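**Student:** Before I ask anything, let me first share the structure, which is written out below as structure tokens.
The numbers here are math on the coordinates, done by the rules we state, and not lab data. If you're wondering where the values come from, they're calculated on a predicted model, not measured in any experiment. Cβ atoms come from the backbone with ideal geometry, glycine included; neighbour counts cover every protein chain shown.
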Amino acid sequence: RKIIVRPFASPTGTTWEKVVIRVLDEERAELQVGRKKETRTFANMGMRDARRSDDEPNAAWAMLLVLARNSGELGWGDEGASDRARAHMKLLRSHLRELFSIEDDPIKDYKSKRRWRTKFALVDQRADR
């Protein structure tokens with residue numbers, strides 16, 4: 001089932017370098033572009049697992065949390081990078097493009113260095129990290 005996402009009202013011409021995502025806890029993040037800020041849950045961001053009846057996050061949200069813990073960067077061999085990380089990263093990219101209405105890829109894929117890095121600022125503000 002397709003989850004409907006209400007896009008964040010990014011100004012025309014917004015690039016990933018102008019986006020800030022602050023992970024507040026295991027369920028919420030603050031989205032910011034310029035002066036515009038919004039706090040949303042993973043479900044409001046379109047990252048709810050549509051296969052389940054209860055509100056559980058999908059793999060895209062899990063990957064965002066892993067990236068946040070690592071300041072927006074994840075090596076293919078780092079903790080949190082699983083065999084399924086490529087598929088999860090693809091899902092995260094798709095969700096972020098839809099959420100912010102930015103066509104460009106939100107994540108740099110350094111194949112030579114075997115790691116990913118977000119083009120947007122990703123801040124982990126979870127108290128338990």
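**Student:** If packing is taken as the average count of other Cβ atoms within 10 Å, what order do 71-79, 41-49 fall into, highest mean first? Spell out each step's value before the answer.
**Tutor:** Details: 71-79: 14.8, 41-49: 20.7.
Peptide ranking by packing, descending: 41-49, 71-79.
**Student:** Using modelled amide H (1.01 Å from N, peptide plane; none on Pro or chain starts), what sits under 5 Å from the amide H of V123, excluding residues fewer than 5 places away?
**Tutor:** The answer is I21, R22, V23.
**Student:** Additional query: Return a single number: how many Lys pairs in the chain, at a sequence separation of 8 or more or on separate chains, have alpha-carbon atoms below 16 angstrom apart.
**Tutor:** Here the count comes out as 9.
**Student:** Of A60, A68, A87, which has the largest mean-square fluctuation in a 10 Å C-alpha GNM of the chain?
**Tutor:** Most flexible of the set in this elastic network: A87.
**Student:** While we're here: For the chain, compute the orientation-averaged projected area of the C-alpha convex hull (one quarter of its surface), in nm².
**Tutor:** Values: hull surface 31.9 nm².
For the chain, averaging the hull's shadow over all directions gives 8.0 nm².
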